[in-house]
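A.B. asks: Structure provided below as structure tokens; questions to follow.
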Amino acid sequence: MSPIQQRPKQQRPKQQRPDVELPALGFRGTLRYLWTQLSSMRTALMLLLLLAVAAVPGSLFPQRPAGPEIVNDYIDQHPVQGEWLDRLQMFDVYSSVWFSAIYLLLFISLIGCVVPRAIKHAKALRAAPPRTPRRLSRLPEYGRVVLEPSGPSPRSAVDQASRYLKKRGYRVQVREEPDGGASVGAERGYVREIGNILFHLSLIGVLAFMAAGSLLSYSGQKILVEGEGFANTLVAYDSFTPGSAFSEDSLVPFSLTLDKFEAEFDRESETHYGQPLDFTASMTVQEGTGGEPEKQQLKVNHPLDIGGTRVYLVGNGYAPEVTVRDGNGDISYQGPVVAQVQDQMYTSLMVIKAPDARPDQLGFVGLFLPTAYTGDDGVAVSVDPGLYSPELNLNSYYGDLGLDNGEPQNVYVLDTETLTELNSRNTEAGGITLKPGESYDLPEGKGSISFDGVTRFVGLDIHYDPGKWGVGFFSILALLSLGVSLFVRRRRVWVRGATDPEGSTMVEYGLLARGEDFGLREENVSLRRQFEKMWPVVAPEDTETTSAGTAGGTQNRPE
């Protein structure tokens, strides 16, 4: 038989599908898409990480708010690199445009994440617990008890279970079952989500008050010598760092006077002899212009709080009192000179500038020694921080001090390159050594200097930050709410009462956790024990509790 000849299959021509045109988003659609991306938790986490990375240059490069002169020195030492870094605002990181943009986007992103979530959870709080599943035995934790004929009816058993669950903190709702029985749905742990929402709201609060603090805060430094006063005005500060939105009107009106400063040193220990133990500054404080002056004490780590402004004691030292006369015999400088402490023995560096001296300006640089001791090599050192044998060791110069050209200078530095030396250990006249009450005539009739006495000074750090209390409050709230969201578990329980084929009341219950909950099994056992106490339950072998964590859903006896 001849083989059957098969006709070749004819291929149908492929139909070309028309190009699918996606609808245009439009302006509103684009805005909605951008808002959806910005308000996602993933974007918030990325912005938070980006903010941390953006803050790194603030610790690598000097910042203008902390020290403008340091930034200027850096730019002078690195002219090309410094100029570009300045253009990129690397010396003003925390007030730069790019850092502020990241900060603002993170703020908006957190609001977009939290507010819809809070609204959704508020609706969930008002909603009834979920309906009872048809097959409770399929839940992770399941239990069933059969009551003796003397036990309550299914409806009564469900009502009793409802009251017990309500005492345990569950939100409950009793429902009728189609077969004539009843069930109760219960849920608790809503505070977990509340804690989560509060944690994110606290982060928003921290960001908001930190921003307010950086805008409205200010800080300044002031050195006060005993007997001197200070009024909280801009011109009274030695250095001042304002916030971005600072106004002079926000300065809290108050005044301070340093009446006396006392330093206590260790005089008993052999190993720590001479180390400082305590510093106390006795101050006269007056709030406002019409307030009554009050005597207060300022100590380290115990600042003064004046109308929300805090005054800290951050330094102290000696201020020798000197009188400088010029070549004409006129007083060109008179008063205390703040000396910079160099070591634990209060060896202090001091600089004296007398720009009003005539015919030549005078300058002095040297050391103040509270307790001077001259060794065999002829070098004087201080052997104790106490004021037992004070002495001045100075070099003198004359010439142009450079103060008349209008350029600012460091008061603690004397530039001697353009000056002519009068006194030092390298000159024939030698250095100047003075005890209190002594004076010295400068060579070539340039003038004289006298050591009149010694007083004390303190270094004050003055801070005003209106946002610090808000930052502290929301930081504590964030920690508390984080603990709640970590340790509170959200659980659901359903209890159904029905009549078994033999006419007895049968109660079955199931438990479900929202998320991982290692205590769900213990909750199952606790409910079982309570039901056995509440109702006359038949022999345990006729009841069961099961857990999805056991192999094959085998039966487990309550502990």
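The values are calculated or read from the model by the stated rules, or taken from the named source; none is laboratory data. Predicted model only: the values in this text are computed from it and were never measured. FYI the Cβ positions are ideal-geometry reconstructions off the backbone, even for glycines, and counts take in every protein chain you see. For the accessible areas, the whole protein counts, side chains as well, though only heavy atoms, and no ligand, DNA or RNA atoms are used. Shrake-Rupley method; radii C 1.70, N 1.55, O 1.52, S 1.80 Å.
A.B. asks: Under 5 Å between amide H atoms, partner at least 5 residues away or on a different chain: which partners does Thr499 have, H built in plane at 1.01 Å?
C.D. replies: Met506
A.B. asks: Okay, next question. As I understand it, the value is the acute angle between the Cα axis of helix 468-487 and the longest principal axis of the Cα atoms of the chain; what does it come to in degrees, rounded to 10?
C.D. replies: The two axes meet at around 30 degrees.
A.B. asks: Enumerate by residue number the chymotrypsin sites (Phe, Trp or Tyr not before Pro) in the range 306-389 meeting two conditions: DSSP loop (anything except H, G, I, E, B), and at most 15 other Cβ atoms within 10 Å of the site's Cβ. Don't skip to the end; give the middle numbers.
C.D. replies: Numbers: sites: Tyr312, Tyr318, Tyr333, Tyr346, Phe364, Phe368, Tyr373, Tyr388; in loops: Tyr346, Tyr388.
Loop-located and lightly packed - Tyr388.
A.B. asks: Calculate how steeply helix 520-534 sits against the longest principal axis of the alpha-carbon atoms of the chain, using the helix alpha-carbon long axis, and give the answer as 0 to 90 degrees to the nearest 10.
C.D. replies: The angle comes out near 60 degrees.
A.B. asks: Between the alpha-carbon centers of the range 394-453 and the range 158-234, tell me the distance in whole angstrom.
C.D. replies: Using only Cα atoms, the two centres lie 65 Å from each other.
A.B. asks: Another question, if that's okay. What number, in percent, do you get for the relative contact order of the chain if the mean sequence gap of Cα pairs under 8 Å and at least 6 apart is divided by its residue count? Spell out each step's value before the answer.
C.D. replies: Working: 1037 pairs, mean separation 103.3, N = 559.
The normalised contact order for the chain reaches 18 percent.
A.B. asks: For Glu391, which sequence-distant residues (separation of 5 or more, or a different chain) have an amide H within less than 5 Å of its own amide H, given hydrogens modelled in the peptide plane?
C.D. replies: So Glu391 has HN proximity to Leu369, Ala372.
A.B. asks: ³J(HN,Hα) across the range 172-177 via Karplus (A = 6.51, B = -1.76, C = 1.60, θ = phi - 60°), whole Hz, x for Gly/Pro?
C.D. replies: 10, 8, 8, 10, 7, 9
A.B. asks: Hey, what do the phi angles of the range 291-308 turn into as Karplus ³J(HN,Hα) couplings, whole Hz, using 6.51/-1.76/1.60 and θ = phi - 60°, x for Gly and Pro?
C.D. replies: Rounded to whole hertz, the list is x, 7, x, 10, 8, 9, 10, 10, 10, 5, 6, 10, x, 8, 10, 10, x, x.
A.B. asks: Could I ask something else about it? Please state the charge dipole magnitude for the chain, taken about the Cα centre, from unit charges on C-beta atoms (+1 on K and R, -1 on D and E), reported in debye and rounded to the nearest 20.
C.D. replies: Details: 53 positive and 67 negative charges, 1455 e Å.
Computed charge dipole of the chain: roughly 7000 debye.
A.B. asks: Taking the 0 to 90 degree range and rounding to the nearest ten, how far is the long axis of helix 41-54 tilted relative to the main principal axis of the chain, both from C-alpha atoms?
C.D. replies: 20 degrees
A.B. asks: Met41 to Arg155: extension gain in nm, 0.36 nm per residue of separation minus the Cα-Cα distance?
C.D. replies: Difference between extended and current length: 36.5 nm.
A.B. asks: Sticking with this one: Principal axes first, then extents: for the Cα atoms of the chain, list largest minus smallest coordinate on each axis, whole Å, largest first.
C.D. replies: Largest to smallest, the principal-axis extents are 134, 83, 56 Å.
A.B. asks: If the viscosity is 0.692 mPa s and the temperature 37 °C, what Stokes-Einstein diffusion coefficient in µm²/s follows for the range 171-317 when Rh is the Kirkwood radius over Cα pairs?
C.D. replies: Value of D from the Cα-based Kirkwood radius: 160 µm²/s.
A.B. asks: Something else about it: Picking from Ser448, Ser382, His463, whose Cα lies most toward the positive end of the charge dipole for the range 376-503 (charges on Cβ: Lys, Arg +1; Asp, Glu -1)?
C.D. replies: His463
A.B. asks: Then there is this: When a/c reaches 1.5 or more, the comparison of a/b and b/c decides; with that in mind, is the range 289-412 rounded, prolate or oblate per its Cα gyration tensor? Please list the in-between numbers first.
C.D. replies: Working: a/c = 2.37, a/b = 1.28, b/c = 1.85.
It is oblate, given that a/c is not under 1.5 and a/b is not larger than b/c.
A.B. asks: Separate question: Mind listing which GluC sites (Glu not before Pro) in the range 428-494 are in a DSSP loop and have 13 or fewer other Cβ atoms within 10 Å?
C.D. replies: Qualifying residues, ordered by number: Glu428.
A.B. asks: Output the pairs from Lys120/Lys533; Lys295/Lys353; Lys120/Lys167; Lys299/Lys468 with a Cα-Cα distance over 31 Å in this structure; if there are none, say none. Before the final figure, lay out the partial values.
C.D. replies: Details: Lys120/Lys533 39 Å; Lys295/Lys353 35 Å; Lys120/Lys167 26 Å; Lys299/Lys468 21 Å.
Too far apart for the 31 Å limit: Lys120/Lys533; Lys295/Lys353.
A.B. asks: Amide H to amide H under 5 Å from Arg171: which residues, 5+ apart in sequence or cross-chain, H placed 1.01 Å off N in plane?
C.D. replies: For Arg171, whose amide H was placed from the backbone, the distant partners under 5 Å are Glu187, Arg188.
A.B. asks: For the chain, give the percent of accessible area contributed by carbon and sulfur heavy atoms, probe 1.4 Å, rounded to a whole number.
C.D. replies: Values: 17690 of 32550 Å².
Exposed carbon and sulfur together represent 54 percent of the surface.
A.B. asks: Sticking with this structure for a sec: Convert each backbone phi in the range 411-420 into a coupling constant with the Karplus relation 6.51 cos²θ - 1.76 cosθ + 1.60 (shift: θ = phi - 60°), then list the ³J(HN,Hα) values in order as whole Hz, x for Gly and Pro.
C.D. replies: Ordered by residue, 3J(HN,Hα) equals 5, 9, 10, 10, 7, 9, 5, 9, 9, 9 Hz.
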